[in-house]
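One structure is given below, encoded as structure tokens.
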Amino acid sequence: MIPPWKSLLARSITTPEQLSRHFGQDFSALAPVIEQFPMRINPYYLGLIKTPGDPLWRQAVPDPRELDDHVCLVDPLDEENRSPVENLVHTYPDRALFLVTNQCAMYCRFCTRKRKVGTPRMLVSRETMREAFAYLRKNKQIRDVLISGGDPLLLSDETLGWLLDNLRAIPSVQIIRIGSRVPCTLPMRITTRLAAILKRYHPLYLNTHFNHPDEITPVAAKACARLAGAGIPLGNQTVLLKGVNDNAATIGRLMHELLMIRVKPYYLFQADMTLGVNHFRTKVETGLEIMQSLIGHTSGLAVPTFAIDAPGGGGKIPLTPSYLTSLGKTVSLTNYLGAPCSYHNDLD
Ligand SMILES: *Cc1c(COP(=O)(O)O)cnc(C)c1O
Ligand code: SF4
């Protein structure tokens, strides 16, 4: 029997004709964009779009500017050169990023792996996964494996169980993390059966990816409740995107609403310099101002780490507005309201 989430996914919009029919406008000009970077908008996410040009539309619907980017890089994080075996990116000594599918419930227009998600340019098979298991078994310093893709939760329950069994059989792998946008883009995928499978592999963490408060729906809330109910700590990464969420009010509301569905904000990312994504990039100052609007003004729990994933594969670099005015025998500080404070540092 085909699970309901799969039949929903099968009814996704993937062509300019379907898009034109749905919105009653002519989108045939998007054909070349879709040829280069696939489109998939499933009926659930499509239903959340209120009007062309709104923040959810921008994340899902192709834009001609994707083909007019002369600034950014095909593989901004240098992942291909940092993969000792196919689909396993090993940048930090003690953790690895393991890509387990090329499929997603939606192809986000700003995706860092735009070069290959949803295309034959990214191939994953049980054979490539077995090579990754062997690498992880051999490299015992890797204690944290981040499963990503594509979206790992688009794998069938059976394949996911097989994958997690294999990872858990490697004694040096202490932490398993799943990175999945499914709680946001196709929350009905989070079935009771899936939650029951995942809870067999603790400590297992799940980081999801919400970018706008309009994505936090009752169905998404139910999906997160089900995961949290299975004892899975939930985190979230958000990407700062021009015209989607690049202001303090939107990000503030998003962080609060995430906490209400038991998801802890983890990272706020500066958009990567990915070819085809240039029109989404904001200035770094915007992110710092947003951070300043959060820090001290709301629950520390609601404050993510703002970071740039360094082009070239330098890793994630945190950026914090500076509260330090001078560092010596006295530390001079500024608090969240801009008031001067000091701390005696004269301890030698
Ligand atoms: C993001 C990432 C990780 C995990 O980084 P954390 O800061 O521990 O969340 C690991 N490997 C790669 C290649 C990554 O891009
Ligand atoms: S779900 Fe994640 S991997 Fe898939 S297209 Fe969106 S950002 Fe990229």
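When we screen Gly243, Gly231 for residues that are within 20 Å of Tyr205 (Cβ to Cβ) and in a loop (DSSP other than H, G, I, E, B), the only hit is Gly231. Does Ile178 meet the test of being part of a loop (DSSP other than H, G, I, E, B), aliphatic (A, V, I, L, M) and within 16 Å of ligand 1 (Cβ to nearest atom)? No. Taking the condition more than 13 Å from ligand 1 (Cβ to nearest atom), of a type in the set (Ser, Thr, Tyr), under 22 Å from Lys242 (Cα atoms) and touching a residue at least 40 places away in the same chain (Cβ under 8 Å), does Tyr135 pass? Considered against the rule, which asks whether it is more than 13 Å from ligand 1 (Cβ to nearest atom), of a type in the set (Ser, Thr, Tyr), under 22 Å from Lys242 (Cα atoms) and touching a residue at least 40 places away in the same chain (Cβ under 8 Å), Tyr135 comes out as no. The residue that is farthest from Leu258 (Cα to Cα), counting only those in the range 303-348 that are within 20 Å of the chain's Cα centre (by Cα) and of a type in the set (Val, Ile, Thr), is Ile317. Could you run through the range 18-76 and say how many residues are among the aliphatic types (A, V, I, L, M) and more than 24 Å from the chain's Cα centre (by Cα)? Counting residues in the range 18-76 that are among the aliphatic types (A, V, I, L, M) and more than 24 Å from the chain's Cα centre (by Cα) gives 4. Considering Leu198, Leu154, the condition of being within 16 Å of ligand 2 (Cβ to nearest atom) and of a type in the set (A, V, I, L, M) is satisfied by Leu154 alone.
Residue check: Asn81 meets all listed conditions (1) polar (S, T, N, Q); (2) within 16 Å of ligand 1 (Cβ to nearest atom); (3) outside any helix (DSSP H, G or I) but one, namely (3).
Across the range 121-147, the qualifying residues are those that are assigned to a helix (DSSP H, G or I) and of a type outside the set (D, E, K, R), and the one among them that is farthest from Leu204 (Cα to Cα) is Thr128.
Number of residues in the range 228-269 that are acidic (Asp, Glu) and under 21 Å from Glu285 (Cβ atoms) equals 1.
Across the range 265-288, the number of residues qualifying as acidic (Asp, Glu) and either buried (at least 18 other Cβ atoms within 10 Å of the Cβ) or part of a loop (DSSP other than H, G, I, E, B) (or both) comes to 1.
When Gly150, Gly161, Gly118 are checked against the criterion of being among the small types (Gly, Ala, Ser), in contact (Cβ under 8 Å) with a residue 12 or more places away in the chain and part of a helix (DSSP H, G or I), Gly161 stands alone in meeting it.
Rule-based calculations on the coordinates, nothing more; no lab input. Keep in mind that what you see is a predicted model, and the values were worked out from it rather than measured. Neighbour counts run over all protein chains shown; Cβ positions are idealised from the backbone, glycine included.
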